[in-house]
Amino acid sequence: MKNKSFLAIFDTLFILSLLGFLLTKNSIIFFVSLPFYVGTSFSQYFKQKEKLDILDDKLLLLLKLDTTIYAIGFMTLYVSTYFTVNNLELPFNVKYFFGIAILLFFIAFIISIKRKKLAQDLLIEKYRKK
């Protein structure tokens, strides 16, 4: 229950700081909002961990990878938004950020499917032993 309240607090603060950044285009607000998203990612990990019936090392590792890669993908999109909104020149095109983010989301999706299959297999094995 405590993790759900942290998730709500971090989500609210992140959304408010995101709206503040988009309205003011102030780079300080942009950098202040990043720790809120990191907090949201940690809270999301613990929320998903509470849902697990079986705690296996491999399953927890896949959950950590899934949550981390998804968070990095979202932060990549968020950084590309920062460069797009402020019309900053980069040595490379901002489209590469979107390509990297899509690749990270795809990897996180594959890991998520593998994690859910492993959790299902572990549950089946647990009930067969009983």
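The values are calculated or read from the model by the stated rules, or taken from the named source; none is laboratory data. These figures come from a predicted structure and were not determined experimentally. Here Cβ is always computed from backbone atoms with ideal geometry, including for glycine, and neighbour counts include all displayed protein chains. Ligands, DNA and RNA are stripped out before the accessible areas are found, and what is left, the full protein with its side chains, is counted by its heavy atoms. Shrake-Rupley method; radii C 1.70, N 1.55, O 1.52, S 1.80 Å.
In this structure, is K25 over 18 Å from I110 (Cα atoms) and touching a residue at least 60 places away in the same chain (Cβ under 8 Å)?
On the way: over 18 Å from I110 (Cα atoms): yes; touching a residue at least 60 places away in the same chain (Cβ under 8 Å): yes.
Judged against the criteria, K25 is a match.
Within the stretch 61-70, is there a residue that is of a type in the set (S, T, Y), open to solvent by 40 Å² or more (accessible area, probe 1.4 Å) and within 16 Å of the chain's Cα centre (by Cα)?
yes
Return yes or no: is N87 open to solvent by less than 90 Å² (accessible area, probe 1.4 Å) and assigned to a loop (DSSP other than H, G, I, E, B)?
Taking the combined requirement at face value, the residue does not satisfy it.
Let me confirm something: among K126, K47, K117, which residue is open to solvent by 70 Å² or more (accessible area, probe 1.4 Å) and without any contact (Cβ under 8 Å) to a residue 60 or more places away in the chain?
Selected residue: K117, the only one of K126, K47, K117 that is open to solvent by 70 Å² or more (accessible area, probe 1.4 Å) and without any contact (Cβ under 8 Å) to a residue 60 or more places away in the chain.
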